[in-house]
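**Student:** Handing you a structure now.
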Amino acid sequence: MNTVLKTLFTSLLLSVGLLSSQVASAEDAASAQNPAEQNPAELVKEVTEQVLAKLAEDKDRLGTDKNLVNEYVNEFVLPNFDFAYMSQLVLGKYWRKATAEERSQFTDEFRTLLVRTYANSLTNYSDQEVEYLPWRAGSDPDDTKVGVEIIPQAGPSIPIDYALHRIDGKWKVYDVAVDGLSLVTNYRRSFGKKAKDDGIAALIADLKAKNS
């Protein structure tokens, strides 16, 4: 994996693992308006507390038990990501050209790639400080961003923005930008070149080979 994507995944790991119970007043106001629906900042908080609890409980096993790491990702992270929409964004115009079967295959392989990459990053977890940015609802009630800044032990802080949209009353992450660098955009560039040069079927075959 190239340095850009490695940085993205490592920072994504830290942000999910270190967000805490601090929430903005706007978040509280949104909850009061519609208490039945979980707002995006609450979602991040909930996932964070679950991940932190498991990390503390099984810290000594993380470096050796790959199955345990995959369980973390499958249980706490994947349910909160919209991989179908991410796949559509990543393929761009090639999504429209793909058959229904190709779309399904690509989504499955892309999900597997992200799971494996994220799981590998999870084993590198280390304590960091975080500056929490206030969340405020934007003009689109079904699309928003939640931002934080990771403060490493050395070097500049790392701003992270989660892009989320609401599907059937549930917030799902569809992109993560680290220091302005989008995960979706980076994959779109690399996958788009492969699809253009060799076709969608070849791209899917390449992903299957990497995932095997």
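The values are calculated or read from the model by the stated rules, or taken from the named source; none is laboratory data. Worth saying up front: this structure is predicted, and the values here are computed from it rather than measured. Because the Cβ atoms are built from the backbone with ideal geometry, glycine has one as well, and the counts that use them run over all protein chains shown.
**Student:** Contact list please: Cβ distance under 6 Å, first residue in segment 131-151 and closer than 18 Å to Asn80 by Cα, second residue modelled with pLDDT under 80 and polar (S, T, N, Q), pairs at least six apart or on different chains.
**Tutor:** Between residues of segment 131-151 that are closer than 18 Å to Asn80 by Cα and residues that are modelled with pLDDT under 80 and polar (S, T, N, Q), the close pairs are Val148/Ser15.
**Student:** Moving to a separate point now. Would you pick out the residues in segment 62-111 that are of a type outside the set (D, E, K, R), closer than 20 Å to Ala177 by Cα and not in a helix (DSSP H, G or I)?
**Tutor:** Once the filter is applied, which keeps residues that are of a type outside the set (D, E, K, R), closer than 20 Å to Ala177 by Cα and not in a helix (DSSP H, G or I), segment 62-111 yields Phe81, Gly92.
**Student:** Exactly one of (1) closer than 25 Å to Gln50 by Cβ; (2) modelled with pLDDT of 85 or more; (3) of a type in the set (S, T, N, Q) is unmet by Asn80. Its number?
**Tutor:** Here Asn80 meets the rest and fails (2).
**Student:** Please go through (1) at pLDDT 80 or above; (2) over 18 Å from His165 (Cβ atoms); (3) not hydroxyl-bearing (Ser, Thr, Tyr) for Gly92 and return the number of the only condition it doesn't satisfy.
**Tutor:** With (1) at pLDDT 80 or above; (2) over 18 Å from His165 (Cβ atoms); (3) not hydroxyl-bearing (Ser, Thr, Tyr) applied to Gly92, the lone miss is (2).
**Student:** Among the residues of segment 166-182, write down those that are over 22 Å from Glu46 (Cβ atoms) and not in a strand (DSSP E or B).
**Tutor:** Passing the criteria: Asp179, Gly180.
**Student:** Here is a follow-up. What number of residues within segment 112-135 satisfy the criterion of being modelled with pLDDT of 70 or more and assigned to a loop (DSSP other than H, G, I, E, B)?
**Tutor:** Count: 3.
**Student:** Also, quick follow-up: Applying the selection to segment 138-150, what residues are surrounded by 15 or more Cβ atoms within 10 Å (Cβ to Cβ) and at pLDDT below 85?
**Tutor:** Correct list: Gly147, Val148, Glu149, Ile150.
**Student:** Only residues that are surrounded by 17 or more Cβ atoms within 10 Å (Cβ to Cβ) and within 25 Å of Gln105 (Cβ to Cβ): list them for segment 164-181, please.
**Tutor:** Listed by number, the residues that qualify are His165, Lys172, Val173, Tyr174, Asp175, Val176.
**Student:** Same structure again: Could you check Ala163 against (1) within 19 Å of Leu78 (Cβ to Cβ); (2) assigned to a strand (DSSP E or B); (3) touching a residue at least 60 places away in the same chain (Cβ under 8 Å) and say which number it fails?
**Tutor:** (3) is the only condition that Ala163 fails.
**Student:** Out of all the residues in segment 196-208, which are in a helix (DSSP H, G or I) and either over 23 Å from the mean Cα position of the chain (by Cα) or modelled with pLDDT under 95 (or both)? It would help to see each step written out before you state the result.
**Tutor:** Filtering segment 196-208 for residues in a helix (DSSP H, G or I) gives 196-198, 200-208.
If the condition is that a residue be in a helix (DSSP H, G or I) and either over 23 Å from the mean Cα position of the chain (by Cα) or modelled with pLDDT under 95 (or both), then Lys196, Asp197, Asp198, Ile200, Ala201, Ala202, Ala205 are the ones that fit.
**Student:** Can you tell me which residues in segment 149-179 are farther than 24 Å from Val90 by Cα and aliphatic (A, V, I, L, M)?
**Tutor:** The answer is Ile150, Ile151, Ala154.
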